[in-house]
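Inspection log for the structure reproduced underneath, given as structure tokens.
Rule-based calculations on the coordinates, nothing more; no lab input. Note that the structure is predicted; figures quoted are calculated from it, not measured. As a convention, Cβ positions derive from the backbone with ideal geometry for all residues, glycine included, and neighbour counts pool all protein chains shown.
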Amino acid sequence: MGAFYFHQNLDSHALTSYGSAAPIWLLGQNTVATQAALNGFAVTGDSRLRTNSYAAFGQGTWNISDRLALTVGARYTKEKKTGSFVQTVDGPDLSGLSPTDLAIARGSRAAFGAPNAYTNGTRENKLSGQANLSYKFSDAVLGYATYAHGFKSGGLTLTNVGPTVPTTIEPESIDHYEVGLKTRTPNHVLTVNVAAFWTIDKNYQATVYDPIRTTTYVSNVGKVRSRGIEAEGSVNLAEGLTAYGAVTYLDAEYLSFKNSPCPIEMQATFCDLSGRVLPGAPKWSGAVGGEYSRPVTPNIEAYVGFDYSYRSGIYYASNLAASSRIPGYSLVNARVGARIDERFDVSVWARNLFNKDYFNTLQPAAFNTGLVSGVLGDPRVIGFTGRVRF
């Protein structure tokens, strides 16, 4: 049993200032009216978010027989969020314009920012938990079935959205089912675990488009499903030599997402992504590795190891833009070290040993400007680690 408390204050300040190139870049024209509207125009947004979360949880196991056991856990969460948003605008005086240019300038400014202010809040009282039924077929084989229900906390939209956009985000409701086997040989030389899982996520939170404010925001879009199979194992090949591996097949898709903002290649405002793959969900992923160790003195054991991992390609953007496609890639890590007196461990290691170039993120910019920005994964990193066991 246990308890949890979380408190957070977040204050945000954003300033967007437009210069002389803004009219031609954003409006496609450079006239007296558009220059007066945007050159020197500034939009300021200030938001404040306060979060308080309390939880109590517990877990227990009932050994129904020598082979059959039931484990049940539950968590009750009480959470409150309050927020506020204020947007102000500033710019050169428009009073010297002709009536026609004045109307155009005011309309142009309104499209990029207008005074706006609101407060909002949300309260959640949620019960989550899981039940696991396990059965020992033998000392070397354990089967299990698990059901778990959880949630992802809701939130608040604290940005300049249109009057029809809800400013609260409902919590996600998640139901997870899993069955599996855990096996090992009597002498522990070989261990193999396999599992199949199925997860339904209702009120999934994703980025959607507001055509009134021409901006994007996070909202509930419907339902998603993830299902797959995973396996992992290890084997002692010889004295001091161990190999291990894992592989996952994942089928994840939007079951319902009818109002996604379209990627630039679709030339439309809204797209129905129902039935399409989820972003950030590789179809295949896996890893293999090994370690060899041997004593060099009675008190010192030297070792060398490596890890190879692979992930198939994904879409990073929630609207599955073609330009957000990150190709699959593989990485190799290596290490060499020594354990001393079963207390000290020193090692030199390398991550991304072959200095592979790959992207962690690849995101098209808003408003379909054609800009795509990404964050590269870490290059080769070499380091030293020392550990002491007390």
Worksheet entry | Surrounding net charge for Thr71, when Lys and Arg each add one and Asp and Glu each subtract one, Cβ distance under 15 Å | +3
Worksheet entry | Spatially proximal lysines relative to Lys80 (Cα-Cα < 23 Å; intrachain offsets below 8 disregarded) | Lys126, Lys152, Lys202
Fill in: Kirkwood Rh in Å, taken over all unlike Cα pairs in the stretch 25-128
18.8
Discussion item. Rounding to the nearest 10 and keeping the result within 0 to 90°, find how far the Cα-based axis of helix 99-112 lies from the longest principal axis of the chain.
Written reply: 10
Worksheet, complete the sentence: Note, Tyr303: beta-carbon cut-off 12 Å, +1 each Lys/Arg, -1 each Asp/Glu, net 0
Worksheet item: How long are the three semi-axes of the equivalent ellipsoid for the stretch 300-363, computed from the Cα gyration tensor as the root of 5 times each eigenvalue, in whole Å, largest first?
Response: 37, 10, 8
Fill in: Label point distance in nm, Val247-Thr207, each placed 7 Å from Cα along Cα→Cβ
3.4
Discussion item. Placing unit charges on C-beta atoms (Lys and Arg positive, Asp and Glu negative, everything else neutral), compute the dipole magnitude of the chain about its Cα centre in debye, rounded to 20.
Written reply: 440
Fill in: In Hz, Karplus ³J(HN,Hα) per residue of the stretch 179-184 (6.51, -1.76, 1.60; θ = phi - 60°; x = Gly, Pro)
10, x, 10, 10, 10, 7
Worksheet item: When we measure straight from the Cα of Lys356, which lysines land under 22 angstrom away, once same-chain ones fewer than 8 places off are left out?
Response: Lys283
Worksheet entry | Cβ-Cβ FRET estimate between Ser98 and Ile24, R0 fixed at 30 Å, reported to 0.05 | 0.90
Worksheet entry | Proximal charge balance of Arg123 [Cβ under 11 Å; K/R count +1, D/E count -1] | +2
Worksheet, complete the sentence: Sorting Thr269, Gly377, Leu237 by the position of each Cα along the dipole of the stretch 229-377 (Lys, Arg +1; Asp, Glu -1; all at Cβ), the one nearest the positive end of that ordering is Thr269
Discussion item. Between Asp11 and Lys152, what's the calculated FRET efficiency when r is the beta-carbon distance and R0 is 22 Å? Round to 0.05.
Written reply: 0.40
Item to complete: Would you kindly derive the ³J(HN,Hα) couplings of the stretch 17-28 from the backbone phi angles with the Karplus curve 6.51 cos²θ - 1.76 cosθ + 1.60 (θ = phi - 60°), listing them in order in whole Hz, with x for Gly and Pro?
Response: 10, 9, x, 5, 7, 4, x, 6, 6, 9, 10, x
Item to complete: May I ask you to order 63-76, 14-27, 154-167 by the average number of other C-beta atoms within 10 Å around their residues, highest value first?
Response: 154-167, 14-27, 63-76
Fill in: Nearest-20 debye value, the stretch 167-305 charge dipole, Cβ charges on Lys, Arg, Asp, Glu
160
Item to complete: Go through the stretch 293-298 residue by residue and turn each phi into a ³J(HN,Hα) via Karplus (6.51, -1.76, 1.60, θ = phi - 60°); whole Hz please, and just put x for glycine and proline.
Response: 9, 7, x, 10, 9, x
